Amino acid sequence: MGALVAGSVAIALVRRPLPLVAASSAGALAGSWLSTRHHSRSANLTLQTLKSALDPIERQLVELEAQLNQPSGHRTAIFYDIENLIKGYNIKAADVAKISLKAIQEKLTAAYPIGRVLLQRAYANWSDTRLGSLRREMHQLGIEPVQVFGFSYENRKNAADIQLAVDVVDIIFQHPSLDTFVIVSGDGGFGSLAKKLRQYGKTVIGCAYEDAAGKSFQAICDAFVHIPDPTLKERGTQRLPRTTSPPPASEPPLVAGGVLPVDPDNRRLCADLDPNPTQQAEGAIAKTRDILEWYRRDPHCAALLRQEGLALSKVQGAVQVLLPRFHILQLGMVKFSEYLRYVCKNTVFCLFYLQGSPNQLKLGLRESLPPGATVMPNFEKRPLHSLSTYRALLAQARCTLAPPTAFAEVLPWLLEHRDVAARLEELAALFGKTTATQLPQTQVAAALANCQQAGILVPAPEGGDRYFVAATITDQAQCQAHLRQWLQHILQPHLDPLQERPKPELLAALIAA
């Protein structure tokens, strides 16, 4: 019967499936055993009888081999943006301890068949002692920590985002067998990364707190798993202890869907001011100015205004609670700081920053600013449907859009060189050599990247990071249609809360002169 029969006997004896190599090795031992048994009991056992007894076992071995050759399901990599999970480095160690990576894994597994997890990485500044509880849990779960820094004397957000995105793109080529990528982050900027993964045929699953998940990122993912925020859950159900400084007011009623403001100053503010359900800009601006005046009247907040300024996060929290249905995008504004600069126009309030910290804006009083303060200029409103607003939304989504003049030169050149398959930087270099262009290299690179993001340039059949023009695209009109569709896909999630859609003529103007 040979090795097959001997291997069958080995599997029957151990009562467990073995790899085929192991079965062959065990088969040699079993063959020796059979030989000994045959010589000692040759009178009672014929070879035909043995063959009949082993036939069912041989069939089981064939079935086992077929099972071993079948695909093993999803091969998954999970990437944790810890900076996003902890919402920046202003968090307390006690709040970090409430975050459970194991609970996140269980939520993912219950919501989506992620298959075998072959790689897990978590990105943060792990030298921060407040992350000790997460470090211990990662060791138990086999998650690889990746150390990131913010390139400053302080911890800053976004360092983890950048390193995570770089690693994911690298792993696409280093481990092509991975077919499912899970990104645990609510950062809307990962939408571009998700689109890139899908272009390479990967399944993308997003995972984040429900109230902190970027809409553009959710729209691109194949599936999105919402997880509960353990700190918000506790804050929403427990009353904060009263403090002696500043003096507490009577407990405010629940507002904005039954959630108490976390900030103690804003809790007292909500005891004095009622929410306004307006969606109109005029009423919202008046309400916002009421909030600013309350801060100026309150002894504790007034002292902060005059000495060091109020953090914009405090003001934004009050506005979100008392104006739950208002969207600053109605005024063509993308950032809350832009809205507040507009609200402060012709008032005693202003936004300022201290020397060396232009990104840390605070609310202050024009008549009493800290030494070295620089006042931000007023911000003017703009139409919702305008090129400037659309460009601001694209910038917020981390989309670097090439100017129309770049598309005017790059698109016809691509069509003329449609059979060339090369990396994007190689295409940019070839464009510079074969044309008399005066375009800056950065604009050429941006136009080519936009074409790749819009599906005009697709991966070459041999794989890697080489691209060529899609076979279905034959003229500039089709190129521009792909670009417009790509831009609409980015902008639409931002306009959904206002029940608006991007204007086709403005989409066309973004890419065509």
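The values are calculated or read from the model by the stated rules, or taken from the named source; none is laboratory data. The structure presented is a predicted model; accordingly, all values stated were derived computationally and were not measured. Glycine gets a Cβ as well: all are built from the backbone with ideal geometry, and neighbour counts include every protein chain shown.
Scanning the stretch 365-406 for residues that are surrounded by 19 or more Cβ atoms within 10 Å (Cβ to Cβ) and either touching a Cys at 6+ places or on another chain (Cβ under 6 Å) or hydroxyl-bearing (Ser, Thr, Tyr) (or both) gives Thr389, Tyr390. Of all positions in the stretch 327-344, none carries a residue that is loosely packed, with under 14 Cβ neighbours inside 10 Å, outside the structural domain of Phe431 (by TED's automatic domain parsing) and not hydroxyl-bearing (Ser, Thr, Tyr). When the stretch 183-222 is examined, which residues are found to be under 27 Å from Leu457 (Cβ atoms) and either outside the structural domain of Ile82 (by TED's automatic domain parsing) or in a strand (DSSP E or B) (or both)? Those that are under 27 Å from Leu457 (Cβ atoms) and either outside the structural domain of Ile82 (by TED's automatic domain parsing) or in a strand (DSSP E or B) (or both): Ile183, Thr203, Val204, Ile205, Gly206. Checking Arg366, Arg306 one by one, the residue that is in contact (Cβ under 8 Å) with a residue 60 or more places away in the chain, among the basic types (Lys, Arg) and more than 30 Å from Pro497 (Cα to Cα) is Arg306 and no other.
The residues of the stretch 480-504 that are free of Cβ contacts under 8 Å to residues at least 60 places away in the same chain and part of a loop (DSSP other than H, G, I, E, B), listed by number, are Gln499, Arg501. The lone criterion from (1) closer than 17 Å to His226 by Cβ; (2) in contact (Cβ under 8 Å) with a residue 24 or more places away in the chain left unmet by Arg121 is number (1). Per the listing Glu63, Glu83, the residue uniquely surrounded by fewer than 17 Cβ atoms within 10 Å (Cβ to Cβ), in a helix (DSSP H, G or I) and either in the same structural domain as Ala122 (by TED's automatic domain parsing) or modelled with pLDDT under 80 (or both) is Glu63. Here the strands (runs of 3 or more DSSP E) wholly within the stretch 303-381 that include at least 1 residues being charged (D, E, K, R) and either at positive phi or at pLDDT 90 or above (or both) are 362-365. Does any residue in the stretch 332-352 that is closer than 13 Å to Glu380 by Cα come within less than 6 Å, Cβ to Cβ, of a residue that is small (Gly, Ala, Ser) six or more places away or on a different chain, and which pairs are these? Listed pairs, sorted by first residue: Val334/Ala392. Inside the stretch 86-97, residues that are touching a residue at least 40 places away in the same chain (Cβ under 8 Å) and loosely packed, with under 14 Cβ neighbours inside 10 Å make up a count of 2. Number of residues in the stretch 173-189 that are within 24 Å of Ala213 (Cα to Cα) and at pLDDT below 90 equals 5.
Residue-by-condition table, conditions (1) at pLDDT 85 or above; (2) surrounded by 15 or more Cβ atoms within 10 Å (Cβ to Cβ); (3) more than 20 Å from Ile91 (Cα to Cα):
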residue	(1), (2), (3)
Ser133	yes, yes, no
Met138	yes, yes, no
Gly142	yes, no, yes
Val146	yes, yes, no
Ser152	no, no, no
Asn155	no, yes, no
Ile162	yes, no, yes
Ile171	yes, yes, yes
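Could you count how many residues in the stretch 107-123 are more than 19 Å from the chain's Cα centre (by Cα) and outside any strand (DSSP E or B)? Residues in the stretch 107-123 being more than 19 Å from the chain's Cα centre (by Cα) and outside any strand (DSSP E or B): 3 in total.
Just checking, which of Ala311, Ala284 is touching a Phe, Trp or Tyr at 6+ places or on another chain (Cβ under 6 Å) and either within 27 Å of Asn359 (Cβ to Cβ) or not assigned by TED's automatic domain parsing to the domain that holds Asp265 (or both)?
On inspection, the qualifying residue turns out to be Ala284.
For Gln396, the conditions (1) on the phi > 0 side of the Ramachandran plot; (2) in the same structural domain as Lys503 (by TED's automatic domain parsing) are fulfilled apart from (1). In this structure, Ile456 does not satisfy being in the same structural domain as Leu401 (by TED's automatic domain parsing) and in contact with a Ser or Thr (Cβ under 7 Å, 6 or more places away or on another chain). For the stretch 444-463, a residue qualifies if it is in contact (Cβ under 8 Å) with a residue 24 or more places away in the chain and outside any loop (DSSP other than H, G, I, E, B), and the qualifying residues are Val444, Ala446, Ala447, Leu448, Ala449, Asn450, Cys451, Gln452, Gln453, Leu457, Val458, Pro459.
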